[in-house]
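Trainee: Supplied in structure tokens, the structure appears directly below.
Derivation of every value follows stated rules applied to the coordinates shown; laboratory data play no part. Keep in mind it's a predicted model, so treat the numbers as computed, not measured. Neighbour counts are summed over all protein chains in view; Cβ atoms, including those assigned to glycine, are modelled from backbone coordinates with ideal geometry.
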């Protein structure tokens, strides 16, 4: 499922600066909205997936002699009873400047990760925005929390960047909006919760804002590859205090206990914001722990993603997903890749 | 509650360990204050037949026959205007008492009075052939087309001596599904298992009325209950995935009734289990066990879809639906969790079985088995808070230690107490959700 299938192509036509897809009127390369009809030319996209369930049972359709499967309104195959994938179980988004994939993995019954992407043109050049949220499984309706948070944040981030706000301020406005949107989903005792990470990639800097253990990496072929975030997790705290090595921490049962998140049980969100100026050519990776569990070091991830991610982030994201699934797919997996410097492929 | 006025709720632990196959759920079906289906309710839709034992033993003591006539009159008084009704007398044969032409009368003040008059003429004289009685009732019902809700009350005081068990079984299989029947045994000379077979097959209740003086109130209550029924021939339709097997379908509240063998195939992957007729404000629990082909960890499967359907020749009307799910997980904390209601009803079914097996062993003179089974029953009744059954048990055994179920068989047990325990062994208590 690509973004193009999900929407009627609005987000692709807009920024290339030819015509408005809604009214056919002329539009400038840097326009966010059509001057004639007001249509948003490059709206954000998110991993909602299509409504409903897949039309065919993935298990029964393997048997070519069997009649076509019927899927019930509740999403079960009427022959084998298997729950079939819903829209969110696997979603690919491709905005050319950046691309992402999110997947249920192999061991969880649903995908509680969510992502939202956007691009915009500024006088200084293109900018890309990525938000990834990983719903907290022990909270109620984590899938709702993550998608609500990602969608709320990307909208504010995009508006803020279009307005010319400083990326740090935009990032804080985004996470605040995500927090508010998640908080109204529940109460302090019943709080749908999620991790949060946003990345704003501009002409010369990457601004990352996060809570929890979803990560951002700078992937490069040289020794500059590095992790850009520090997890809010018990494991990370123990490593920071020198109590455990990273390998020991990862093996500990508390490796995935996070110490910060968003939700109605959090009074004031306390996000981290960091600004990174890339030293050269590379790729920004934003991901949930479903990927980094299997390859936590930046150099290792760079090896998997490069050089493909430089020119085809969508295929590279697929390859990373396949790697995580082959490694066990124990958790939901979300991967967003943004080649730097931002450049649209030649038409 | 859906538009039909029925609700279907499923209670289960949906998590299975890797490779797990057995899915178990308690399905609660409840009817609201307004139950409505396409079929019209009210008088014309209902028919009642009262079947009275007129065998010679009904005169020993004579109060039995006197009270049986009074009880029949009391039940007739409760029949609502417009309802089809008839009274049948049974010995080694059966004959229509009212109306005498072997058809169905339509209830009115005049027909009720005429029926009661006819009943006063009943005398005890002859044998007992319950299959004959049921056969006549079946024919009278069959000739009365408007009725969808067909119900009978059968009273006897003795064993089915004047026909073979095979004859009774053959007649029962003809009656099955055509009408429901509540059975009452008066005195202590009748056979619990015999009458239970009739009531179970015909989706009714069975009970003992030790003292004939209690008949009238019981008959009136049974008829009152029957008049409250509004939706006929309701079934549980159980859909299961391919390669799955329905292990059992049991009603577990208000009493245990095993419906497993009552399945009628209703589709390539679905079977119907009869629940009989429903009135407003009823609630019954069913325990459903399904064996499925395991899927991988992280996968989810619909193990069963339970639909409540009202049967109609033109097609079934779905009154409500519930889903039984299976999710495979490697989290043992999830897969080993025992659903309290499933556990409770598993215990209640074991309680009923322990009582019946214990009494049977006692009858056969196998005191060791009887003591063990009835002891187990005492412990189960205590653990589950089934006080009525505990009370009945205490009339048959002396309880030494209730927790461990240590008991001694009483040397002298009243027949009526033993039969009451037997007939009421299937009564269950509910747990709060």
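Trainee: Take every residue in peptide B:292-303, count the Cβ atoms of other chains within 10 Å of its Cβ, and give the average of those counts.
Mentor: Mean shielding count: 5.
Trainee: Sort the range A:21-62 into rounded, prolate or oblate with this rule: let a ≥ b ≥ c be the square roots of the eigenvalues of the Cα gyration tensor; rounded if a/c is under 1.5, and if a/c is not under 1.5, prolate when a/b is larger than b/c, oblate otherwise.
Mentor: Because a/c hits 1.5 or more and a/b exceeds b/c, the range A:21-62 counts as prolate.
Trainee: Hey, another quick one. Plugging the Kirkwood radius over Cα pairs into Stokes-Einstein for the range B:22-176, at a temperature of 20 °C and a viscosity of 1.002 mPa s, what D comes out in µm²/s?
Mentor: Diffusion coefficient, whole number: 128 µm²/s.
Trainee: Also, quick follow-up: Mind pulling the per residue volume of the convex hull built on the Cα atoms of the range B:378-427? Å³ is fine.
Mentor: Expressed per residue, the convex hull around the Cα atoms of the range B:378-427 is 58 Å³.
Trainee: Sticking with this structure for a sec: Over the Cα atoms of chain B, how large are the radius of gyration and the largest Cα-Cα distance (Dmax), in Å?
Mentor: Calculated on Cα positions, Rg and Dmax stand at 22.9, 73 Å.
Trainee: Mind checking the mean number of beta-carbon atoms from other chains within 10 Å of the Cβ atoms in A:104-110?
Mentor: Averaged over the peptide's residues, the number is 4.
Trainee: Compute a Gaussian network model of chain A, connecting alpha carbons closer than 10 Å, and tell me which residue from A:209, A:80, A:37 fluctuates the most.
Mentor: A:80
Trainee: Further, regarding this structure: Which three lengths, in whole Å and largest first, does the range A:88-340 cover when its Cα atoms are put on their principal axes?
Mentor: For the range A:88-340, the Cα extents along the three principal axes come out at 46, 39, 36 Å.
Trainee: Using a Gaussian network model of chain B with C-alpha springs under 10 Å, which one of B:24, B:57, B:335 is most mobile by mean-square fluctuation?
Mentor: B:335
Trainee: Answer rounded, prolate or oblate for the range A:128-259, using the Cα gyration tensor with square roots of eigenvalues a ≥ b ≥ c: rounded when a/c is under 1.5, else prolate when a/b is larger than b/c, else oblate.
Mentor: In terms of gyration-tensor shape, oblate.
Trainee: Given a Förster distance of 45 Å, report the FRET efficiency between residue B:60 and residue B:117 from their Cβ-Cβ distance, rounded to the nearest 0.05.
Mentor: So, using R0 = 45 Å, E works out to roughly 0.95.
Trainee: Quote to one decimal, in nm, the extra length available between residue B:125 and residue B:225 on full extension: 0.36 nm per residue of separation minus the C-alpha distance between them.
Mentor: Net length gain for the segment: 32.9 nm.
Trainee: Let me ask something else. Can you sort B:318, B:23, A:266 by how many other beta carbons sit within 10 Å, fewest first?
Mentor: Ordered from fewest to most neighbouring Cβ atoms within 10 Å, B:318, B:23, A:266 come out as B:318, A:266, B:23.
Trainee: Order by neighbour count: A:180, B:387, fewest other Cβ atoms within 10 Å first, most last.
Mentor: B:387, A:180
Trainee: Please sort B:95-102, B:46-53 by packing, taking for each peptide the average over its residues of neighbouring beta carbons within 10 angstrom, highest first.
Mentor: Going by the mean number of other Cβ atoms within 10 Å, highest first, we get B:46-53, B:95-102.
Trainee: Taking a label point 7 Å from the Cα of residue A:70 along the Cα→Cβ vector, which residues of the range B:231-268 have an amide N closer than 18 Å to it?
Mentor: Inside the label zone: B:237-244, B:265-268.
Trainee: Distance in nm between label sites at residue A:252 and residue B:339, each 7 Å beyond Cα in the beta-carbon direction?
Mentor: With each label point 7 Å from Cα toward Cβ, the separation is 3.9 nm.
Trainee: Which value in Å does the Kirkwood hydrodynamic radius of the protein assembly as shown take, with 1/r averaged over all unlike C-alpha pairs and then inverted?
Mentor: 31.2 Å
Trainee: Modelling each spin label as a point 7 Å along the Cα-to-Cβ direction, I'd like the residue B:413/residue B:161 distance in nm, to one decimal.
Mentor: Distance between label points: 2.4 nm.
Trainee: Can you give the average number of partner chain beta-carbon atoms within 10 Å of each beta-carbon in peptide B:95-108, as a whole number?
Mentor: Per residue, the average neighbour count from other chains is 0.
Trainee: With N set to the residue count of the range A:68-210, report its C-alpha Rg divided by 2.2 N^0.38 Å to two decimal places.
Mentor: 1.19
Trainee: Counting helices only, and only those DSSP H runs with n ≥ 4, report the 222 nm mean residue ellipticity of the protein assembly as shown as the sum of -39,500 (n - 2.57) divided by its residues, in deg cm²/dmol to the nearest 500.
Mentor: -8500 deg cm²/dmol
Trainee: Sort A:96-108, B:343-355 by the packing proxy (mean of other Cβ within 10 Å over each peptide's residues), most packed first.
Mentor: Result, highest mean first: A:96-108, B:343-355.
Trainee: Say R0 is 30 Å: what FRET efficiency, to the nearest 0.05, do residue B:283 and residue B:176 get from their beta-carbon distance?
Mentor: So, using R0 = 30 Å, E works out to roughly 0.75.
Trainee: In what order do B:72, B:371, A:148 fall by count of nearby beta-carbon atoms within 10 Å, going from fewest to most?
Mentor: B:371, A:148, B:72
Trainee: Taking chain B as a Gaussian network, Cα atoms linked when under 10 Å apart, which of B:389, B:120, B:188 shows the biggest mean-square fluctuation?
Mentor: Of the options given, B:120 has the highest mean-square fluctuation.
Trainee: Follow-up question, since we're still on this one. Between residue A:141 and residue A:30, what is the spin-label point distance in nm, taking each point 7 Å from the Cα along the Cα→C-beta axis?
Mentor: 4.2 nm
Trainee: Further, regarding this structure: Order these peptides, B:414-422, A:166-174, by their mean beta-carbon neighbour count within 10 angstrom, highest first.
Mentor: Those peptides, ordered most packed to least, come out A:166-174, B:414-422.
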